[in-house]
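Trainee: One structure coming up, written as C-alpha cells, with questions to follow.
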Amino acid sequence: MSQAKKRGAIRVPIILSVLALVTLWIAAIAPTGDTTIQINNNLSSGGATEAFRFANIVTSTAFSAWVTFGLTLLAAGLAWWLALTARKASRWLSIGFGVVFVFNILVSLFNGQTMTITALLHGSLSLAVPLIFGSLAGVLSERVGLVNIAIEGQLLAGAFVSAMVATLVQNPWAGLVGALAAGALVSWLLAVFAIRYVVDQIIIGVVLNVLIVGLTNFMFSTFMSASPQLFNSPPRLPAIDIPGLASIPVLGPVFFSQSPIVYLMYLAVAGVWFALYKTRWGLRLRAVGEYPKAADTVGIKVYATRYRSVMIGGALAGLGGAFFTIGQSLAFGKEMTNGAGYIALAALIFGRWNPVYAAFAGLLFGFAENLQYSLSTVGSHLPSDFLLMLPYVLTVVLVAGLVGKVTGPAAAGKAYIKS
C-alpha cells in the first residue's frame, strides 16, 4: 500500500478517536437534569396535518452522554480495526458516528429545555436554501474552469431586485424573474472580465462583491428607506403543501410544505447533477473545466460553454437571493445575505464540486446557523459570542479538518487564451 493510501486509511480512525475523546469530556462535565425531545411540531402552512404524532421523550442528559461515549468509542475501535486490516471504513460508519455525536451535543445544549426536532429541521432547511443555490452556482462555474468568488454579490443582487420588482408590480412571481435576471447579470460581468479581458478571477470576484454591496446600499438608502411602501414591501410567495407528502410525520412539514423556491431548489439540485453527469452538454462542460485546449481541439466552443454555464449558475444564485425576501416575506436590508456566498463556497469545497454533496453540505451549514438561533431562543448557557461564531467554526473544522486536501477542476482559476 502506498504512503498516500496509508495516510488516507488512518485519517478516519484518528478523527473518530479525537471526537470520541470529546464525547468523553462532554460526559464528564454533563450537567444534571433532563432534556425533553419533542418530535412533531405543527409547521404545515397549507392546511395539511401529519398522519400521526410521536410522544415527547424525556432523557437524562448525563446518561445520554455516557451512552454516546460508549457508541463513539465502539465506532472508533471498529475504524481502527478496519484500518489495521487494510480495509476501508464504510462511509456509513462516519455518517452514523456523526449523527450520534451531534445528537449528544444537542441533548447537552438543550439541558433543562425542550428540543423540537421538526422545528430544528425546518429552520435549518430555510437557512440552507440560499447556501445550496449559491453552491450550485459555484459548481457550474468552477466545473467549467472559472472560480466564482462573486456568489455573495449574486445572492445580494437577487435579494435586492426581487424585493424591488415584487413591490413595484405587487407580484412575487415577477420578483422571482427579476432575481434570475439580476444573478445572471452579475455572473455575466464576472465572465466578461475573466474570459474576455483575462482579469484575475479571484480579484474580479471580490470587486464584484464590493460593487454590489455598494450599489444595493446606495439604492436602499436613496429609495427604499425613503419610500418603503413603494419600493420595499414585497409580497411573499405562497407556501404550498404537496398532497400526501406533506402529511408524512416529521419530514413532511419540513420538506413538502414549503415556498415554491424550495421546490425549485430540489429541481435545481437534481437537474444540475443530471446535466453534469448524464448529458453530452455536461461532458463537454467538464472537459472545458479540465482540459480546455483539448476540448477546443475537438471542436467544443470553450468561451461559449463558459459563458453559458457561469450565467446559468448566476441565475440560480439569484433565486437563492430571492428567498431572503419574497421567499420569507422580508423587506430588503443592507448586506442581508450576511456572508452566505462565502459559506456557499465552503459547501462547494466540502461537497467536492458535486451538486448533491454540496447540497448536503449546505444543509449542514444551515443546521449550524439555525442552532445558534434555537439556543438563543431557549436561553442557552453558552455565551452569545460563541453562538454567533458557531456556523463559521463549523465551516473551518469541516473544510480544513475533515475534507483536508481536495483538488478541484484542473483549469479552475486559469485563463484560457485561444492560440
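Readers should treat all values here as calculations from the given coordinates under stated rules, not as data from a laboratory. The structure presented is a predicted model; accordingly, all values stated were derived computationally and were not measured. For neighbour counting, all protein chains shown are included, and Cβ atoms are generated from backbone atoms with ideal geometry for every residue, glycine included.
Trainee: Would you count, across the chain, every pair of lysines whose alpha carbons are under 12 angstrom apart, provided the pair is eight or more residues apart or spans two chains?
Mentor: 6
Trainee: Taking the DSSP beta bridges in the chain as the whole, what percent of them are antiparallel, to the nearest 5?
Mentor: Expressed as a percentage, antiparallel bridges in the chain total about 65.
Trainee: Another one. What's the extension gain from Asn171 to Arg11 if we count 0.36 nm per residue and subtract their Cα-Cα distance?
Mentor: Stretched out fully, the Asn171 to Arg11 stretch lengthens by 52.4 nm.
Trainee: What is the distance, in nm, between label points placed 7 Å from the Cα along the Cα-to-Cβ direction at Thr32 and at Thr222?
Mentor: The two pseudo-label positions are separated by 6.5 nm.
Trainee: Ranked by Cβ crowding within 10 angstrom, fewest neighbours first, how are Thr68, Thr325 ordered?
Mentor: Fewest-to-most ranking of Thr68, Thr325: Thr68, Thr325.
Trainee: Just round it to a whole percent: the fraction of Cα-Cα distances in segment 127-367 exceeding 32 Å.
Mentor: Cα-Cα pairs in segment 127-367 separated by more than 32 Å: 19 percent.
Trainee: A further question follows. Project the alpha carbons of the chain onto their principal axes and report the range along each, largest first, in whole Å.
Mentor: 63, 62, 41
Trainee: Among residues other than Gln328 whose Cβ falls under 15 Å from its Cβ, what is the net charge (Lys/Arg +1, Asp/Glu -1)?
Mentor: Here the count lands on 0.
Trainee: Sticking with this one: If you plug each phi of segment 339-352 into the Karplus form 6.51 cos²θ - 1.76 cosθ + 1.60 with θ = phi - 60°, what whole-Hz ³J(HN,Hα) values come out, in order, with x for Gly and Pro?
Mentor: Computed from phi, the couplings for segment 339-352 are x, 4, x, 6, 5, 4, 4, 5, 4, 4, 5, 4, x, 6 Hz.
Trainee: Taking the beta-carbon count within 10 Å as an exposure proxy, list Leu267, Leu24 from fewest neighbours to most.
Mentor: With the sparsest Cβ surroundings first, the list reads Leu267, Leu24.
Trainee: By count of other Cβ within 10 Å, fewest leading, how are Ser162, Ser309 ordered?
Mentor: Lowest count first: Ser309, Ser162.
Trainee: Can you tell me, using C-alpha contacts under 8 Å and at least 6 residues apart, the relative contact order of segment 127-367 as a whole percent?
Mentor: 42
Trainee: Right, next: For the chain, what is the relative contact order in percent, using Cα pairs closer than 8 Å and at least 6 residues apart in sequence?
Mentor: Over the chain, the number comes to 26 percent.
Trainee: Follow-up question, since we're still on this one. What FRET efficiency do you get for Phe103 and Ile240 if R0 is 35 Å and r is their Cβ-Cβ distance, rounded to the nearest 0.05?
Mentor: After rounding, the FRET efficiency stands at 0.65.
Trainee: I need the peptides 27-34, 341-348 ranked by packing, meaning the mean over residues of other C-beta atoms within 10 angstrom, with the highest value on top.
Mentor: Answer by packing, highest mean first, reads 341-348, 27-34.
Trainee: At a Förster distance of 25 Å, what's the computed FRET efficiency of Lys278 paired with Arg87, Cβ-Cβ distance as r, to 0.05?
Mentor: After rounding to 0.05, the efficiency reads 0.20.
Trainee: Continuing with this model, one more query. According to a simple spin-label model (label point 7 Å from Cα along Cα-to-Cβ), what is the distance in nm between Trp188 and Trp25?
Mentor: 5.2
Trainee: Measuring from label point to label point, each 7 Å out along Cα→Cβ, what is the Ile203 to Gln229 span in nm?
Mentor: Distance between the two pseudo-spin positions: 4.9 nm.
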